[in-house]
1. Among GLU341, GLU325, which is closer than 18 Å to MET291 by Cα, assigned to a helix (DSSP H, G or I) and in contact with a Lys or Arg (Cβ under 6 Å, 6 or more places away or on another chain)?
2. Just one of the numbered conditions (1) in a loop (DSSP other than H, G, I, E, B); (2) touching a strand residue (DSSP E or B) at 6+ places or on another chain (Cβ under 9 Å) is not true of TYR331; which one?
3. Could you list, in sequence order, all residues of segment 156-182 that are of a type outside the set (Gly, Ala, Ser), over 17 Å from ILE203 (Cα atoms) and touching a Phe, Trp or Tyr at 6+ places or on another chain (Cβ under 8 Å)?
4. Consider THR109 carefully, then state whether it is of a type in the set (Val, Ile, Thr), modelled with pLDDT of 85 or more and within 30 Å of LEU145 (Cβ to Cβ).
5. Tell me, which residue of segment 351-378 that is more than 23 Å from GLN201 (Cα to Cα) and either β-branched (Val, Ile, Thr) or more than 32 Å from the chain's Cα centre (by Cα) (or both) is surrounded by the fewest Cβ atoms within 10 Å (Cβ to Cβ)?
6. For segment 279-305, enumerate the residues that are in contact with a Pro (Cβ under 9 Å, 6 or more places away or on another chain), surrounded by 17 or more Cβ atoms within 10 Å (Cβ to Cβ) and either on the phi > 0 side of the Ramachandran plot or assigned to a helix (DSSP H, G or I) (or both).
7. Could you please find all residues in segment 126-143 being surrounded by fewer than 18 Cβ atoms within 10 Å (Cβ to Cβ) and in a helix (DSSP H, G or I)?
Amino acid sequence: MVGMRQFVKYQSGVIFCLSLTACVVVSLWLSQWIPTAYFDNVVTPILVVCTTTVALVGAWLMFRHSDGLRIRKAWGSTLVVWALADGAYLVCWVAAPLSVMNMGAYQLTTHELLIGNLLGWTLLVYPTEALRPQWLNGKRALLQLVPMIALVALDYILPVNLAPVIALYPFVLLGLLITHVRAYKIWCEENFSTLDNFDVQWIMRYLIMLMLVGCMYLYLCLSHSHTRGFTQLWLVIIMLAYSTEKILFQRDPWKMVLHTDLTDSQESSEVQGVTGESESAKFRAALEQWMEAGKPYCNPDFRLIDLQQVLPMNRTYLSQFIHREYDCTFYQFVNRYRIEEAQRLKMKQPDIKLAEMSVRCGFSSPTVFTRTFTAIVGVTPRQWAKKIHSA
């Protein structure tokens, strides 16, 4: 049963990873058949032009529709850096070819390693801002870049080849960033009853794409194939375009919560926490009565702070109260009520359609409803309904 629940929860992510990995493997196999001269003089410039175009268009969209969101500005800045870097490559390729821009070289130079690492680091800015908003400032960015620059300097000075170490440094930063994904997911579940607008799994997909790009970069550094850059080039294009589309239509949960916290501190100075067992029992009874009578969970935009209508607590205490009294996150707490409501509806109206039932219970789509129902009940809605009606 647990295996089934995990499969239902992560199947889309698994399909995404397998599909992308399969494309990369096929691309690596096909790249060996590309002639050296054709790759250097035709394929690479075309792919770089595509990357530059995608980056410029994406940056324009991000800044035009930033809506004051720091996360969109961060991604827009990343796209600008990539557009400038690829634009510089095109200028050098057409007007004055430079050795540091020679994609056909059999061994990457220290300059190329530095450029590649810096570009890779810019791709870490967006997920850092998504997982840890406003954490990355000038000082912390410099602290992240100093070891990279120091390794490049040592590569010039020491007789030892430090290229593999330099190429692996972005993976260290990526690994540190991945450790914050679980905390981000828990934070979203503690504050929102619907996660579709934030798509927590999207962050993992982005990091997976980033890891594949990094692996291709590592392959660039260690292999001697003249077409070693083919897969990385098209993978970067796909990543920039796909990420721009996702980020453009994603809501920023941090902004919603931070704005709410500011409003609460200005308008609700009396909001506090639970002080004793009797008070806790009273608040629990009030909350459950409100949930059953008012059915606020039927609203897909139902949030933790909406509990302040019946519980005089700030956001932090509300989250702690749900954890302590119900041993779950707010997201799980609300979905329990939604599934119970769906079961009641199905028993009262046996012919009700799945789509209508999911909407009336507060789910954003029938797919999300089916996934959540299966995770909580252990069987799909259709299997449960068949079992109930046959009993």
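The values are calculated or read from the model by the stated rules, or taken from the named source; none is laboratory data. The structure presented is a predicted model; accordingly, all values stated were derived computationally and were not measured. Virtual Cβ from ideal backbone geometry, glycine too; neighbours counted across all protein chains shown. Surface accessibility is based on the protein's heavy atoms, side chains included, excluding ligands, DNA and RNA. Shrake-Rupley method; radii C 1.70, N 1.55, O 1.52, S 1.80 Å.
1. Only one candidate passes the filter, namely GLU325.
2. Unmet condition: (1).
3. PRO170
4. Taking the combined requirement at face value, the residue does not satisfy it.
5. The selected residue is ASP351.
6. Within segment 279-305, PHE283 is the sole residue that qualifies.
7. Answer for segment 126-143, where residues must be surrounded by fewer than 18 Cβ atoms within 10 Å (Cβ to Cβ) and in a helix (DSSP H, G or I): GLY138, LYS139, ARG140, ALA141, LEU142, LEU143.
For every residue, the table says whether it meets (1) closer than 16 Å to TYR242 by Cα; (2) open to solvent by less than 40 Å² (accessible area, probe 1.4 Å); (3) assigned to a helix (DSSP H, G or I).
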{"residue": "VAL49", "(1), (2), (3)": "no, no, yes"}
{"residue": "ALA55", "(1), (2), (3)": "yes, yes, yes"}
{"residue": "TRP60", "(1), (2), (3)": "yes, no, yes"}
{"residue": "PHE63", "(1), (2), (3)": "no, no, yes"}
{"residue": "ARG72", "(1), (2), (3)": "yes, yes, yes"}
{"residue": "TRP75", "(1), (2), (3)": "yes, yes, yes"}
{"residue": "TRP82", "(1), (2), (3)": "yes, yes, yes"}
{"residue": "ALA85", "(1), (2), (3)": "no, yes, yes"}
